[in-house]
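What follows is a short report on a single structure.
The values are calculated or read from the model by the stated rules, or taken from the named source; none is laboratory data. For clarity, every value in this text was computed on a predicted model and none was experimentally measured. With ideal geometry, Cβ positions are generated from the backbone for all residues, glycine too; neighbour counts draw on all protein chains shown. Each accessible area value is taken on the protein alone, full model and side chains, heavy atoms only, with ligands, DNA and RNA left out. Shrake-Rupley method; radii C 1.70, N 1.55, O 1.52, S 1.80 Å.
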Amino acid sequence: LRPTLLDNLGLVAALRWQAEEACGSANIELEIDAPEEEEVPLSPDAGIAIFRAVQETLTNMLKHSKATRARMYIRNGPNGLTVQINDNGIGIAPDAMVRSGAHGLQQMRFRMRAIGGEVSTVRSPDGGTETTIRYRPAPAGPS
């Protein structure tokens with residue numbers, strides 16, 4: 001299902017709203033580094049996949065991390081779109097990606113691969129978890 005936020009606000013604003021709501025409900029201090037006005041032109045499938053990957057990242061942070069601070073970074077440039085979410089929590093378990101029950105992480109990877117993107121979730125060197133979502137649209141064909 002396509003979230004109405006994407007249609008009403010666009011991807012960047014929808015991601016900003018989603019992070020503010022999630023962190024606000026859990027009293028997690030949030031820093032967002034994202035373009036204020038720039039909208040990212042994406043296919044509907046790409047927009048949904050990225051939105052859902054960020055949603056799963058935030059859900060995992062709230063459920064598992066014990067974080068008190070988070071940062072979301074969004075950039076769209078010549079190399080495509082990057083969304084990175086860091087927290088200062090306990091860090092992702094080393095076996096989380098292969099563990100039975102890690103369906104959300106596997107679903108994120110599946111969604112992003114389906115649109116030609118990628119997602120990585122790692123334990124940050126200074127603690128916490130870092131999730132990076134990357135999407136580079138295929139070049140437009142001849143007109």
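The table below lists the values:
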quantity	calculated
Search result, residues across segment 41-66 that are in contact (Cβ under 8 Å) with a residue 60 or more places away in the chain and under 15 Å from Glu20 (Cβ atoms)	Val54, Thr57, Met61
Within segment 1-28, tally of residues that are open to solvent by 30 Å² or more (accessible area, probe 1.4 Å), over 19 Å from Arg111 (Cα atoms), of a type in the set (A, V, I, L, M, F, W, C) and outside any helix (DSSP H, G or I)	1
The one condition in (1) farther than 16 Å from Leu11 by Cα; (2) over 12 Å from the mean Cα position of the chain (by Cα) that Arg71 fails to fulfil	(2)
Filtered residues of segment 120-136 (kept if charged (D, E, K, R) and over 19 Å from Ala46 (Cβ atoms))	Arg123, Asp126, Glu130
So Ile85, is it under 16 Å from the mean Cα position of the chain (by Cα), buried (at least 18 other Cβ atoms within 10 Å of the Cβ), touching a residue at least 12 places away in the same chain (Cβ under 8 Å) and part of a helix (DSSP H, G or I)	no
Sole residue being within 19 Å of Thr132 (Cβ to Cβ), small (Gly, Ala, Ser) and in contact with a helix residue (DSSP H, G or I) (Cβ under 7 Å, 6 or more places away or on another chain), chosen from Ala46, Ala70	Ala70
Every residue from segment 1-24 that is of a type in the set (Gly, Ala, Ser) and modelled with pLDDT of 95 or more	Ala19, Ala22, Gly24
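Per-residue answers, yes or no, for (1) outside any strand (DSSP E or B); (2) of a type in the set (A, V, I, L, M):
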position: Leu30; (1), (2): no, yes
position: Glu37; (1), (2): yes, no
position: Arg52; (1), (2): yes, no
position: Glu56; (1), (2): yes, no
position: Ala70; (1), (2): no, yes
position: Tyr73; (1), (2): no, no
position: Gly89; (1), (2): yes, no
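The rows are residues; the columns are (1) touching a residue at least 24 places away in the same chain (Cβ under 8 Å); (2) out of contact with any strand residue (DSSP E or B) (no Cβ under 9 Å at 6 or more places or on another chain); (3) surrounded by 16 or more Cβ atoms within 10 Å (Cβ to Cβ); (4) of a type outside the set (Val, Ile, Thr).
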{"site": "Gly77", "(1), (2), (3), (4)": "no, yes, no, yes"}
{"site": "Pro94", "(1), (2), (3), (4)": "yes, no, no, yes"}
{"site": "His103", "(1), (2), (3), (4)": "no, yes, no, yes"}
{"site": "Arg109", "(1), (2), (3), (4)": "no, no, yes, yes"}
{"site": "Met112", "(1), (2), (3), (4)": "yes, no, yes, yes"}
